[in-house]
Amino acid sequence: MEAAFTLVLHAHLPYVRGAGRWPHGEEWVHEAILACYLPLLVALHDLRAEGVRFRMVLSLTPILLEQLADPDIDRRFLEYADDQISRANTDANRLADEGNFQPALVAADYRARYTTLRDAYLHRFSRDLCGAFASLARSGEVEILTSAATHGYLPLLDEVSVDSQLRIGRASSARRLGITPTGIWLPECAYRPGLERALERNGLTHFFTDPHLLSDRATARASMSLEADRSGGALAQDQTLRGSDRGADAERPYLVDSSRVAVIARHDELSLRVWSSVYGYPGDPMYREFHRKDPQTGLRYWRVTGPAASLGEKSDYVIEDAQARVAVHAEHFVDGVRAACAGAADDAFVVAAFDAELFGHWWYEGVEWLTAVLRRLADARVRTRTAAEHLALHPPLEHVALAEGSWGKGNDHSTWVSAETAWMFDELVAMAARLALCTALPTDPPQDLFRARAARQAVRELLLAQSSDWPFLVTTGQAAAYASDRFRSHAQRFSRALELAREGGAANDAELLTLEGIDNPFPDAT
């Protein structure tokens with residue numbers, strides 16, 4: 001007997017279209033496309049073309065998909081790529097002239113890499129990244145998960161807002177991908193009891209969680225047969241809930257509480273092989289250093305060197321040395337997967353989950369590592385499946401009660417709600433209440449198109465204000481002023497859109513067009 005394994009990558013960026021460029025703003029998307037999404041797509045499409053058998057799960061948040069499909073971001077991304085190629089070309093010549101031959105080689109590699117990726121964007125993927133991801137889902141190598149529309153922090157939102165985030169998010173995924181996901185990545189893996197019912201209402205069948213939410217309070221309960229549980233009604237459910245308690249196994253999917261929604265926990269030890277700040281792979285001395293940049297062009301030419309080395313003490317980055325470490329770390333990870341799967345029950349499911357933007361962006365060699373891992377898993381004949389495949393083969397028969405929390409610090413909500421961000425959540429409560437009071441406003445009837453458009457814009461602005469990114473950036477201190485300003489801007493535009501919906505009238509059309517031009521995702525939001 002042997003368990004199955006999958007890698008899960010969660011891809012998400014906040015809505016930054018037209019909201020600044022650098023250091024905070026739309027360049028986050030441009031950089032992620034060039035450093036992460038394009039290299040990942042090229043690697044996965046190459047593996048498929050070579051006949052390498054692999055299965056993995058990829059979460060693409062609806063707000064990310066909306067931005068990847070946006071024509072303005074498309075145009076400005078190409079400007080960004082051209083600029084990066086130009087910078088690399090300048091450095092290749094300048095550094096060689098200065099006698100800095102090792103950095104000059106890296107600059108030349110940047111130039112070639114970015115040129116190749118730009119060509120793939122234009123010709124191989126026809127400027128359609130959503131379609132390129134969807135192609136992998138249609139051929140079966142990748143299961144795509146949806147998420148809340150704007151990555152709203154669901155446990156702290158009201159029930160109506162939770163349903164809106166889920167309904168509009170799933171509809172956006174279907175519209176942008178041409179497929180309708182059944183699985184979801186809960187933003188920040190954040191859960192509260194009862195959330196599974198909202199997932200169920202919105203056609204979602206499974207999600208992932210942090211293993212620490214399978215706590216001492218989270219006990220699996222023996223179920224009756226699947227057929228009895230499906231057809232036995234209240235009696236079968238009651239018998240299930242009164243079954244004998246036992247500790248939950250983090251390597252097995254469960255049904256959440258009395259619902260038909262399955263939960264899958266990530267494997268802590270395997271995930272830490274990458275995530276750990278002490279021994280995680282990205283901290284290897286040979287890998288490229290993220291934080292030190294060339295003062296003239298902003299490109300990176302140094303390696304991690306060691307935990308005690310200051311930025312000024314970093315050694316030159318050597319591509320060949322980094323590639324050698326990729327091979328070692330890929331083999332080490334696959335050995336861990338084999339050990340985790342060997343001898344486990346046939347219905348066990350071992351999951352390693354990471355933020356997608358780690359690969360190629362923060363960890364420059366990450367996509368190469370991921371490619372090597374997928375090749376080695378196939379060579380080693382490790383059983384890989386998507387979550388949907390595994391659940392179809394092994395429908396969970398036991399129920400679990402999850403603890404409330406997240407995958408943030410302390411596994412609680414404190415990374416998002418704190419003394420510095422409580423005002424945001426207070427404002428969100430008030431905004432949701434104001435929207436609820438406007439039940440008489442039309443959202444789609446044709447008799448008053450202007451009011452319907454304004455009401456949709458108010459919904460859109462509320463969704464954008466609910467993004468978990470704004471409190472996260474404040475609490476962690478990464479971009480506190482920017483995040484606060486962004487939240488306030490969406491709150492202000494929400495208020496004005498509600499006013500326009502009440503006022504109506506063609507005289508206000510120019511103002512509404514301006515609001516719609518500033519914040520344009522989810523055209524069918526209601």
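Details
- At R0 = 22 Å, FRET efficiency that the Cβ-Cβ distance of A380 and Y279 yields, to 0.05: 0.45
- Were the residues from A309 through E427 laid out at 0.36 nm apart, the gain over their Cα-Cα distance would be 38.1 nm.
- For the set D294, D257, the ranking by accessible area, highest first and with no ligand, DNA or RNA atoms included, is D257, D294 under a 1.4 Å probe.
- S139 versus D321: modelled label distance in nm, points set 7 Å from Cα along the beta carbon direction: 3.7
- Ordering P193, L204, L156 by the projection of their Cα atoms onto the charge dipole of the stretch 104-207, which places +1 on the Cβ of Lys and Arg and -1 on the Cβ of Asp and Glu, puts L204 at the extreme positive end.
- Rel. contact order, % - alpha carbon contacts under 8 angstrom, at least six apart, the chain: 21
- Calculated accessible area for the chain comes out at 39 Å² per residue, all protein chains present (probe 1.4 Å; ligands, DNA, RNA ignored).
- Measuring nothing but protein heavy atoms, the accessible surface of the chain at 1.4 Å probe radius is 53 percent carbon and sulfur.
- Theoretical gain in end-to-end length, F101 to S489 [0.36 nm per residue, Cα-Cα removed]: 134.9 nm
- Linear extension gain, A480 paired with A49, 0.36 nm per residue minus alpha-carbon span: 150.8 nm
- In terms of accessible area, using a 1.4 Å probe and ignoring ligands and nucleic acids, S139, S147 rank largest first as S139, S147.
- Across the stretch 367-526, Cα pairs under 8 Å and at least six residues apart give a relative contact order of 22 percent.
- With all protein chains modelled, accessible area of D379 [1.4 Å, Å²]: 130
- Pairwise FRET efficiency - L513 versus D109, Cβ, R0 = 41 Å, nearest 0.05: 0.35
- Point-to-point label distance, E499-E27, nm (Cα→Cβ direction, 7 Å offset): 3.4
- Mean separation of Cα contacts under 8 Å (6+ apart) over length of the stretch 165-211, as relative contact order %: 41
- Each residue of the stretch 175-187 was assigned a 3J(HN,Hα) from its phi angle through the Karplus curve 6.51 cos²θ - 1.76 cosθ + 1.60 (θ = phi - 60°); the sequence is 5, 7, 9, x, 9, 10, x, 9, x, 9, 9, 5, x Hz, with glycine and proline shown as x.
- Computed accessible area, F101, all protein chains, 1.4 angstrom probe, square angstrom: 140
- A Cβ-based charge dipole, computed about the Cα centre of the chain with Lys and Arg at +1 and Asp and Glu at -1, lands at about 560 debye.
- Cβ-placed point charges (K, R +1; D, E -1), dipole of the stretch 319-447 about Cα centre in debye, nearest 20: 320
- Taken one residue at a time, the phi angles of the stretch 149-161 give Karplus couplings (6.51, -1.76, 1.60, θ = phi - 60°) of 3, 10, 6, x, 7, 4, x, 9, 9, 6, 4, 5, 5 Hz. Gly and Pro are set to x.
- Area of L122 that stays accessible when all protein chains are in place (1.4 Å probe, Å², to 10): 40
- For the stretch 1-73, a crude dipole built from +1 on the beta carbon of Lys and Arg and -1 on the beta carbon of Asp and Glu, taken about the Cα centre, is about 200 debye to the nearest 20.
- Using just its DSSP H runs of length 4 or more, each adding -39500 (n - 2.57), the chain gives a mean residue ellipticity at 222 nm of -15000 deg cm²/dmol after division by all residues.
- Considering only F5, Q67, L78, the residue lying farthest towards the positive end of the dipole of the stretch 1-81 is F5, judged by Cα position with unit charges set on Cβ.
- Inter-label distance for L437 and L393, nm, one decimal - labels placed 7 Å from Cα along Cα-to-Cβ: 5.5
The values are calculated or read from the model by the stated rules, or taken from the named source; none is laboratory data. For clarity, every value in this text was computed on a predicted model and none was experimentally measured. Neighbour counts are summed over all protein chains in view; Cβ atoms, including those assigned to glycine, are modelled from backbone coordinates with ideal geometry. Surface areas here come from the heavy atoms of the whole protein model, side chains and all, with no ligands, DNA or RNA. Shrake-Rupley method; radii C 1.70, N 1.55, O 1.52, S 1.80 Å.
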